[in-house]
1. So which chymotrypsin sites (Phe, Trp or Tyr not before Pro) in the stretch 1-69 pass both tests, a DSSP loop state and at most 14 other Cβ atoms within 10 Å of the Cβ?
2. Have a look at Leu49, Leu136, Leu108 and tell me which one the Gaussian network model of the chain (Cα, springs below 10 Å) gives the largest fluctuation.
3. So I have (1) 8, 35, 39, 16, 2, 0; (2) 8, 30, 29, 20, 11, 2; (3) 8, 29, 34, 22, 7, 1, and one of them is P(r) over Cα pairs in 10 Å bins from 0, in percent calculated from this model. Which one is it?
4. Each label point is 7 Å from the Cα along the Cα-to-Cβ direction; what then is the distance between the points at Val70 and Tyr4, in nm?
5. Mind giving me the nanometre distance, one decimal, between the label points for Gln45 and Asn25, set 7 Å out from Cα along Cα→Cβ?
6. Mind checking which aspartates and glutamates have their Cα closer than 13 Å to the Cα of Lys29? Skip sequence neighbours fewer than 8 apart in that chain.
7. The stretch 27-74 to the stretch 168-211: how many Å between their Cα centroids?
8. Cα-Cα over 18 Å: which of Lys42/Lys88; Lys106/Lys146; Lys42/Lys191; Lys9/Lys77; Lys53/Lys119; Lys73/Lys106?
Amino acid sequence: MKNYYRLPKHIGIIPDGNRRWAQQNGMHKEDGYSYGINPGLKLYQECVLLGIKEITFYGFTKDNTKRPAVQTKAFTKACVDSVFELLKHDANLLVIGDTKSPLFPKELLPYTTRTVIGKGLINVNFLVNYSWDWDLNYADNKESGKIASSDISRIDLIMRWGGRRRLSGFLPIQSVYADFYIIDKMWPDFKIEHLYEALDWFQKQDDTLGG
C-alpha cells in the first residue's frame, strides 16, 4: 500500500455501468446490480486501511425509480444488501434519501441518523432514493434551514465508473470543489487499482479551493 502526501478526506463514489455490464455478459439489465455489492465492500476496506475519513456511495436516485419495476426492485435490494453487509464491519453509517416516499426501503429507516457500527472507523454514507432538488429544498421545510445532507462533509475526490462524465445530481453542495476522476470500466469490474490510479492522479491536482 502506498503512502500519499495528499490524501482526500472524503471520496464520493458513483458506481455506474451495472446494466451495461450485465448486457455485455449475456444477462438481463437488472441482473447487474447484485454484482456491485462486493466491489463496494472491497473499496470500503481499502479506504479504511488508507485512513480515508469518509466515503459516500451513490445508491439510487428518485429519477432511477422511473425505470421498469423489475430494475427498481433489483437496485433497491442491492442497496439494502450493501448496507446490511456493512453492518458486519466498522463504520459510522448514514443513509440519506426521501424517507416519505414509498420507494424508500423501510429496512434502512433505522440508519437515517448517523449510527456507529462496531469501532466506527470511517464515516460511510449511502444515498438512497435521493435527488439533488429534494436535498436542497429540504431546508425550506425545516426551522434549522439545513439541507437534508447537512451531516455529510465536503467531498475532495469523486470517482465515477462506467465512463460517463457527469455528476448526475450527486451531492451538489458537497461536490462544489471536488476533483472528478473517471474510470471507463463498469462498476462490477472494479479493481483496487482503480482507487490507487485515482489517488495518484489526485496528487497532481491543486488544492486552492478557488483561492
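Every read-out reported here was derived from the displayed coordinates using simple, explicitly stated rules and does not represent laboratory data. Since we're looking at a predicted model, the values are computed, not measured. So basically every Cβ, Gly included, is an ideal-geometry build from the backbone, and we count neighbours across all protein chains shown.
1. Tyr4, Tyr5
2. Leu49
3. The value matching this structure is (1).
4. Once both label points are built, they end up 4.0 nm from each other.
5. Label at Gln45, label at Asn25, 1.8 nm between them.
6. Cα-Cα hits under 13 Å: Asp16.
7. 17
8. Values: Lys42/Lys88 13 Å; Lys106/Lys146 24 Å; Lys42/Lys191 9 Å; Lys9/Lys77 29 Å; Lys53/Lys119 13 Å; Lys73/Lys106 13 Å.
Too far apart for the 18 Å limit: Lys106/Lys146; Lys9/Lys77.
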